[in-house]
Amino acid sequence: MEEIRKMKTAVIGCGMISNIYIRNLKRMFSIIDLAAVCDMRQESAEKQAQVYGIERVMTMEEIAADPDIELVINLTPAFAHYDVIRQMLLAGKHVWTEKMLTTDLEKGRELLKIADEKGLYLGVAPDTVLGAGVQTARNIIDSGLIGEVTSCVASVNRNQPLNSEFFRFLRGNGGALPYDVGIYYVAALTALLGPVEEVQAYGMPAPAHPAEMLSMNGLDAWRIPGNNLLAGCMKFKSGAVGTVHFNGNAAGEEKQLIYIYGTKGILRLGDPDTFGGFVKLTLPNAQEIDIPMTHGYDGKPLADQPDVIDLAYGHRGIGAAEMAWAIRGGRPNRCSKEFGFHAMEVLCGMDEAAASHKPYALTSTFEMAPLQAGYFCKNGSLPADAERSLMA
Ligand SMILES: NC(=O)c1ccc[n+]([C@@H]2O[C@H](COP(=O)([O-])OP(=O)(O)OC[C@H]3O[C@@H](n4cnc5c(N)ncnc54)[C@H](O)[C@@H]3O)[C@@H](O)[C@H]2O)c1
């Protein structure tokens with residue numbers, strides 16, 4: 001068999017989430033050759049290069065001009081995504097980006113158009129939908145075990161103003177709870193049930209963050225932009241309906257839920273902001289039972305050099321690796337630009353519906369094939385054969 005050519009990759013954005021990305025990209029995915037890191041703050045890139053043993057620290061311009069670098073992984077905050085993605089696509093690079101694609105539908109459309117025109121791949125997080133939890137649930141739904149899915153419900157709460165004291169990017173566009181966290185729920189529901197046709201919603205902004213609550217002195221008060229609470233309804237193309245409740249103006253004791261209701265059974269899923277969680281099944285006249293995971297990438301830490309960040313952030317990077325395999329295989333990637341744009345349009349559409357008091361009809365759609373079942377990270381330890389599920 002011809003040897004698979006590894007994909008030379010650069011990470012742009014060396015903040016908090018880059019830790020788990022870099023660790024996973026270096027250890028878990030044989031298709032990726034992580035060659036360079038970059039950050040507008042040179043010292044951040046230098047630190048990550050030193051900590052994780054990455055050969056080169058480069059500027060965006062150097063990455064753009066380097067013909068060997070095929071893939072760029074964008075880990076900058078949402079408000080910086082458009083500029084970074086655009087520059088890299090125009091330079092001829094495939095791009096994987098953290099969520100959200102952009103904070104603005106028009107800019108998102110423009111990026112999709114550039115990628116299409118240049119024949120480049122653009123993949124969009126959250127890649128938690130490729131984790132064991134969502135893929136196992138998809139397997140159950142596709143098998144018909146819960147019959148025809150008629151509805152779903154999803155809810156999550158956080159104290160987002162308080163969180164924005166510590167995670168400063170939450171103060172910018174994309175920092176409101178529906179965008180920062182609700183996106184994981186929308187992505188999970190659409191990965192399970194397919195595209196949405198129409199949404200309706202009510203919204204509420206975040207309160208102004210009072211200066212006296214600041215953990216650091218000398219900063220002005222701020223307000224997280226946009227609706228920090230969305231209570232919305234979705235009509236899926238399949239005919240199913242769903243409700244979502246993303247409340248960033250609540251106590252920080254996070255309570256989350258996802259239920260999928262079918263004509264023959266009910267599924268309950270764990271936190272879609274993780275890769276594993278749980279999948280529980282209730283059939284008529286039976287107790288709720290745990291479904292064993294049918295897929296790998298359950299977010300469990302690797303055995304070599306286990307670290308607390310593995311536990312919290314799981315198998316991030318799987319979406320970029322799956323895209324690299326898709327590029328080599330000449331097939332569509334699963335967390336595609338169409339999927340990322342659609343998830344974003346569901347949320348932007350709810351914002352618009354909340355403002356206009358009218359339903360919003362979605363303009364976008366997507367297709368996502370499930371990952372093949374039966375490939376696992378053996379004993380939660382080494383990459384083992386799980387990567388095989390990303391190859392086709
Ligand atoms: N922190 C989390 O828990 C988490 C989890 C999942 C996803 N994400 C997503 O990952 C992304 C990054 O989050 P983070 O927590 O690492 O943020 P961060 O603020 O810790 O890091 C972002 C980095 O990007 C750099 N940067 C900003 N603009 C840039 C530009 N134009 N060019 C080059 N570098 C630039 C900053 O200097 C910073 O080092 C966001 O999209 C976020 O939604 C974060």
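The values are calculated or read from the model by the stated rules, or taken from the named source; none is laboratory data. Note that the structure is a prediction, hence the values are computed from the model and not measured. For neighbour counting, all protein chains shown are included, and Cβ atoms are generated from backbone atoms with ideal geometry for every residue, glycine included.
Computed quantities for the displayed model
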{"read-out": "Conditions (1) assigned to a helix (DSSP H, G or I); (2) buried (at least 22 other Cβ atoms within 10 Å of the Cβ); (3) of a type in the set (A, V, I, L, M): number failed by Ala354", "value": "(2)"}
{"read-out": "Strands (runs of 3 or more DSSP E) enclosed by the stretch 1-111 - at least 1 residues per element that are free of Cβ contacts under 8 Å to residues at least 12 places away in the same chain", "value": "none"}
{"read-out": "Residues of the stretch 249-265 satisfying the condition of being farther than 15 Å from Tyr185 by Cβ and part of a strand (DSSP E or B)", "value": "Asn249, Tyr261, Gly262"}
{"read-out": "Failed criterion for Ala132 (all others in (1) out of contact with any His (no Cβ under 6 Å at 6 or more places or on another chain); (2) buried (at least 22 other Cβ atoms within 10 Å of the Cβ) hold)", "value": "(1)"}
{"read-out": "Among (1) within 11 Å of the ligand (Cβ to nearest atom); (2) surrounded by fewer than 17 Cβ atoms within 10 Å (Cβ to Cβ); (3) at pLDDT 95 or above; (4) not hydrophobic (A, V, I, L, M, F, W, C) - the single one Arg168 does not satisfy", "value": "(3)"}
{"read-out": "Index of the failed condition, His94 passing every other in (1) more than 20 Å from the chain's Cα centre (by Cα); (2) away from the ligand (no atom under 16 Å from the Cβ)", "value": "(1)"}
{"read-out": "Criterion (among the aromatic types (Phe, Trp, Tyr) and in a loop (DSSP other than H, G, I, E, B)) met by exactly one of Phe275, Phe246", "value": "Phe275"}
{"read-out": "Residue list for the stretch 1-19, restricted to those being within 16 Å of the ligand (Cβ to nearest atom) and farther than 19 Å from His81 by Cβ", "value": "Asn19"}
{"read-out": "Lone qualifier among Met16, Met7 - being surrounded by fewer than 24 Cβ atoms within 10 Å (Cβ to Cβ) and within 17 Å of Met391 (Cα to Cα)", "value": "Met7"}
{"read-out": "Boolean, Gly277 is at pLDDT 95 or above and small (Gly, Ala, Ser)", "value": "no"}
{"read-out": "Qualifying residue in the stretch 117-134 (condition: over 28 Å from Arg388 (Cα atoms), modelled with pLDDT of 95 or more and of a type outside the set (S, T, N, Q))", "value": "yes"}
{"read-out": "Given (1) within 18 Å of the chain's Cα centre (by Cα); (2) surrounded by 19 or more Cβ atoms within 10 Å (Cβ to Cβ); (3) more than 16 Å from the ligand (Cβ to nearest atom), number of the condition Leu257 does not satisfy", "value": "(2)"}
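Yes or no, residue by residue, for (1) surrounded by fewer than 22 Cβ atoms within 10 Å (Cβ to Cβ); (2) within 10 Å of the ligand (Cβ to nearest atom):
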site: Glu43; (1), (2): yes, yes
site: Tyr52; (1), (2): yes, no
site: Leu75; (1), (2): no, yes
site: Leu90; (1), (2): yes, no
site: Arg109; (1), (2): yes, no
